[in-house]
Amino acid sequence: MSFSSLGLSKEILEALKLKGYQKPTAIQKELIPAILSGRDILAGAETGTGKTAGFVLPLLHQIIQKQISREQGSAERPREHSLRVLILAPTRELAMQISEQITQYGHFLPLKNMVVYGGSPVAAQAKRMAGGIDILTGTPGRIWEHLERKNLDLRSVDYLVLDEADRILDMGFVAEVSRIVQSLRPDVQKILITATLTGSVKTLGQSILRKPLSIETAPKKKKPLSLRQVLHPVEKEKKPELLSYLIGSRNYRRVMVFVRTKREADSVAEALQDSGLETAVIHGDKTPGARRRALDAFREERVRVLVATDIASRGLDIKALDIVVNYDIPHVAEDFIHRIGRTGRAGREGLAITLSSPEESVALQSIERLLGGALTVEEIPGYAPPRLPEHQGARKKAATTKGKTAGAFGHKKREGTGKKRKTTKRDGYKASSSVAKKKKWR
Ligand code: AMP
């Protein structure tokens, strides 16, 4: 299948040629005709699949076709720019990336697009919007702020996109999204893109979409086939040291490290920097400029390591990552899938390393449940948490067991079909009640 067979206008095809795209990706093959049909859409797609072009291309096509027919029917001079497409994205980075792609794909079209997000002066954004724009991309909080200040009128909008809707909801933008949707005409075509179909996304979909077409190209639990995963048990305090040891001794050149909190992101980055590894950091407290500089430094390989929080890293378009490190276990299990989805993309062999301390065993269990199996455990001498002497024999036995799993270092063992976990004794270890665990890891 080619882009031209999808019926896109010649200006768009020209722009795609400039970008060097040969043919549509799987999600684009589905999404483009679906959007062109005019129906509301609920699409399951992750970053890295080409989802952005999947919704941007048909929307560009539609607004330009409508513009042509409007102009043909009137003797007036070409219309002024008025807002037709509103795109909501969870983070500044994603919003910026979408807007950049719109600029590229719309290179030969007379359309104005703009991006707005928090942390930038509101007045300057309002002034630019007042000059007339056709497409607006932004974070829900900032879009809502502009609406409240009456800088923005959504009555002319024909299309709404909620990109990474699951993350928008995770970040607590439910109220903003529903207020924004209420400010739209009811006949607006709505496109909801999400990586995971969680309960809250379903509820949102049911409340705002009319008889949506469902599109799913990447099943939720699917992980890249070319991805190898390994888990290193480690005491919490030793994590920074183990991380720099792994990167340094194995000479990893480009590593993305995920952490849960902003504070942790800063302290991990500092520790890596202190150990001589060039490191950049991205999290929600960084200014847009600082985030962009960090990302550029990583993309251009001026730094070896990028430390990022889940929220800030969501939607970042970083190509060809060979190594991803889960510095900790995310509280939201789906975040783990997003993290490891950063590597092993496009058929490349990827490695996802997880550092897990005893305190994280419960969170680890829910990750393993989501993955449908236990992670392979590899103990790094000098870093694995010590066990009580009575367990030493058992530990030796575990080490020689083929297909050793997380259960072998003190987590609950998956039994039978793996559907249900049972607290059990394994290889001589005590049952993994929290009391037993505390003792074991002391
Ligand atoms: P996305 O999933 O939208 O973040 O896109 C991931 C990457 O794929 C981006 O760098 C796009 O520029 C690129 N891309 C999108 N569509 C195509 C295509 N049909 N052929 C090649 N690359 C593409």
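The values are calculated or read from the model by the stated rules, or taken from the named source; none is laboratory data. Since this is a predicted model, take the numbers as computed values, not measurements. Every residue, glycine among them, receives a Cβ derived from its backbone with ideal geometry; neighbour counts consider all protein chains shown. When the accessible area is computed, the model is the full protein with side chains, heavy atoms only, and any ligands, DNA or RNA have been set aside. Shrake-Rupley method; radii C 1.70, N 1.55, O 1.52, S 1.80 Å.
Here are the numbers:
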| read-out | value |
| --- | --- |
| HN-Hα J in Hz across the stretch 153-164 - Karplus 6.51, -1.76, 1.60, θ = phi - 60°, x for Gly and Pro | 10, 9, 5, 8, 5, 9, 9, 10, 10, 10, 8, 6 |
| Along each principal axis, Cα extent of the stretch 227-385, largest first, Å | 39, 31, 29 |
| For the stretch 227-385, accessible area per residue (1.4 Å probe, heavy atoms of protein chains only), Å² | 39 Å² |
| Protein accessible area in the stretch 227-385, 1.4 Å probe - carbon and sulfur % | 47 percent |
| Order by protection proxy (mean Cβ within 10 Å, highest first), peptides 62-72, 136-146 | 136-146, 62-72 |
| Reachable aspartates and glutamates, given that their alpha-carbon falls under 19 Å from the alpha-carbon of LYS17 and they are not under 8 places away in the same chain | GLU100 |
| Estimated vicinal HN-Hα couplings, Hz - the stretch 31-36 in sequence order (Karplus 6.51, -1.76, 1.60; Gly, Pro = x) | 6, 4, x, 5, 5, 4 |
| The stretch 160-279: Lys pairs at Cα distance under 20 angstrom, eight or more positions apart or on different chains | 9 |
| Å² of accessible area per residue within the stretch 26-98, as computed with a 1.4 Å probe and no ligands counted | 37 Å² |
| Amide hydrogen neighbours beyond the local backbone of ILE282, cut-off 5 Å, H modeled | VAL307, ALA308, THR309 |
| Placed amide H near GLU216: partners under 5 Å, 5+ positions off or other chain | GLY44 |
